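The values are calculated or read from the model by the stated rules, or taken from the named source; none is laboratory data. All of these numbers come straight from a predicted model, not from anything done at the bench. Glycine also receives a Cβ, built like all others from the backbone with ideal geometry; neighbour counts cover every protein chain displayed. Each accessible area value is taken on the protein alone, full model and side chains, heavy atoms only, with ligands, DNA and RNA left out. Shrake-Rupley method; radii C 1.70, N 1.55, O 1.52, S 1.80 Å.
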Amino acid sequence: MPLFGKNIRSARDKATESLPLLAEVSSHEFSLKLSYSAKSSEGVRLKAGPGLVARLHSMLAGYVKGESELVEPLPVALGTASPFIARLPGSMQWLQYNHKRSAVTRHALVVLESVDAIDLVYETLVCGLLSGETDPLGYPDYNAIVGGVVSHFDEVTGDLIVRAVVGWGGKGVRGDTERNAAGVLAGLFNNVAGDTHAIGTVPIDRPMASPGSGGLACQHCGFVSGLERVFYCPKCGMRMLRA
Ligand SMILES: [Zn+2]
C-alpha cells in the first residue's frame, strides 16, 4: 500500500478515537411536497367533420384566459416522452416535443401527464389557463386551474370522442381549488355536449397503448402512430390503410 493511503487511514483512526459514536446527529431537514390533481368528464361522441380543430378550441369558450393551444399525439419516434426529468430518454423527448409551447401548456402537460389524466400516445389536447393567475414568467400558480378538452378517434366508428379535463397543483394546496375545478369541468363539459355534431355521451374506453412499437403511417397526413392496432389516424382521423 502506498504511504499516501496509510497516512489518510491513520489520520481517520485518530479522529474516530476522539469522538464518541452518536446514534443521532443534529440535521437540517429538506423536503418538497408536490401535489397534482385532475378531473376528467365523461366522453361525448361527435361526428367528425370540417373545422374540427376550430371546434375543439371553441369548446374552451367562456373559460380560457388568453390563448388555447393544441397538442397533437406524439409521433412514434417520441413515443416514450415523459415529463419526469430524471427519466431518460423520455424527458429529452418530452422537451424536444414541447419546448416551443407556452409556459401554461407545458405546466398543464406536466400536471395532466403526471397523474395519467391524458395519454398523448393517441389523444389530442387543447388546453389553456382556465382559472387563477400566472407568475411573472407566465407559469400558473399552484391554485390555478389548467386544462381544456381531450379527444381521440373511436377505433370502431371513427367518431371523435371528446372529454373535458382540468388539472391543478404544485408546491401548495388550497381548499377551494377542487370545488372551483369541478365547476370549470362542468362548464367545459356543457360546451362539449352542446357542440352541433354531438350525438351522446360514452364511457371512456382507452385503447391499449404500447409506446414505441407502432409504426403504421397514415397515408393522408404521414403521421406514424404509436399504437399497435389503430384503425383511424390519431392525428387527422382518416382511415388507416393496411398494406
Ligand atoms: Zn392522418
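Before moving on, here are some points about what is shown:
- Scanning the stretch 86-101 for residues that are among the charged types (D, E, K, R) and crowded, with 16+ Cβ neighbours inside 10 Å turns up just one, ARG101.
- Hits in the stretch 143-155 - residues which are without any contact (Cβ under 8 Å) to a residue 40 or more places away in the chain and in a loop (DSSP other than H, G, I, E, B): ASN143, ALA144
- The set of residues in the stretch 191-243 that are more than 16 Å from the ligand (Cβ to nearest atom), at pLDDT 85 or above and at negative phi comprises ASN191, VAL192, ALA193, GLY194, ASP195, THR196, HIS197, ALA198, ILE199, THR201.
- Subset of the stretch 134-192 [of a type in the set (Asp, Glu) and either crowded, with 19+ Cβ neighbours inside 10 Å or out of contact with any strand residue (DSSP E or B) (no Cβ under 9 Å at 6 or more places or on another chain) (or both)]: ASP135, ASP154, ASP159, ASP176
- Yes/no for SER68 being more than 11 Å from the chain's Cα centre (by Cα) and among the hydroxyl-bearing types (Ser, Thr, Tyr): yes
- Breaking point among (1) in contact with a strand residue (DSSP E or B) (Cβ under 6 Å, 6 or more places away or on another chain); (2) among the β-branched types (Val, Ile, Thr); (3) open to solvent by 20 Å² or more (accessible area, probe 1.4 Å), for VAL44: (3)
- LEU52 vs. criteria open to solvent by less than 70 Å² (accessible area, probe 1.4 Å) and either more than 17 Å from the chain's Cα centre (by Cα) or modelled with pLDDT under 95 (or both): yes
- Residue tally, condition in a helix (DSSP H, G or I) and under 22 Å from SER37 (Cβ atoms), over the stretch 92-119: 14
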